[in-house]
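Working notes for the structure below.
The values are calculated or read from the model by the stated rules, or taken from the named source; none is laboratory data. Only a predicted model underlies this, so the values are computations on that prediction, with no experimental measurement involved. Here the Cβ positions follow ideal geometry from the backbone for every residue, glycine too, while neighbour counts run over all protein chains shown.
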Amino acid sequence: MLTFRLGKQFIPLRWFKWSISHNVVLRWEGGKPNVRTNTSTTSFGTVKVGPTDVDAVRKITKAPKKPFGNFLTRSVIQGVVVGDLTGRTSNAEWFVKVPLDFWT
């Protein structure tokens, strides 16, 4: 939803329904990842004027609460760029499905 913010009020201008699915299977071959299958999809509905037809979303725009998307986006970008990825873990040890040449 595209909104205009006027003080604490959010005025809905346009909206559309969308769906994105990332479904990629990689195969490790000769020391490189190769795409085995890619069944990813995207779907964008018709752009409509005014508030959405979904009651739950309309309630959010009438009484929004922090954090707003822009603040969350800034935090995520900072985490990726600066490296503060709290909660992220990596396993540097061997496990069953890792190809023998994966770490080379």
Quiz prompt | Single residue of SER75, SER19, SER40 found to be at pLDDT below 85 and of a type in the set (Ser, Thr, Tyr) | solution = SER75
Practice problem: Considering (1) at pLDDT 85 or above; (2) out of contact with any Phe, Trp or Tyr (no Cβ under 9 Å at 6 or more places or on another chain), say which one VAL49 fails and leave the rest. | Solution: (2)
Practice problem: List every residue pair whose Cβ atoms lie under 6 Å apart, where the two residues are 6 or more positions apart in sequence or sit on different chains, the first residue falls within segment 65-76 and is on the phi < 0 side of the Ramachandran plot and part of a helix (DSSP H, G or I), and the second residue, located anywhere, is small (Gly, Ala, Ser) and modelled with pLDDT under 75. | Solution: none
Quiz item: Does segment 79-86 include one or more residues that are modelled with pLDDT of 85 or more, under 30 Å from THR3 (Cα atoms) and under 17 Å from the mean Cα position of the chain (by Cα)?
Solution: no
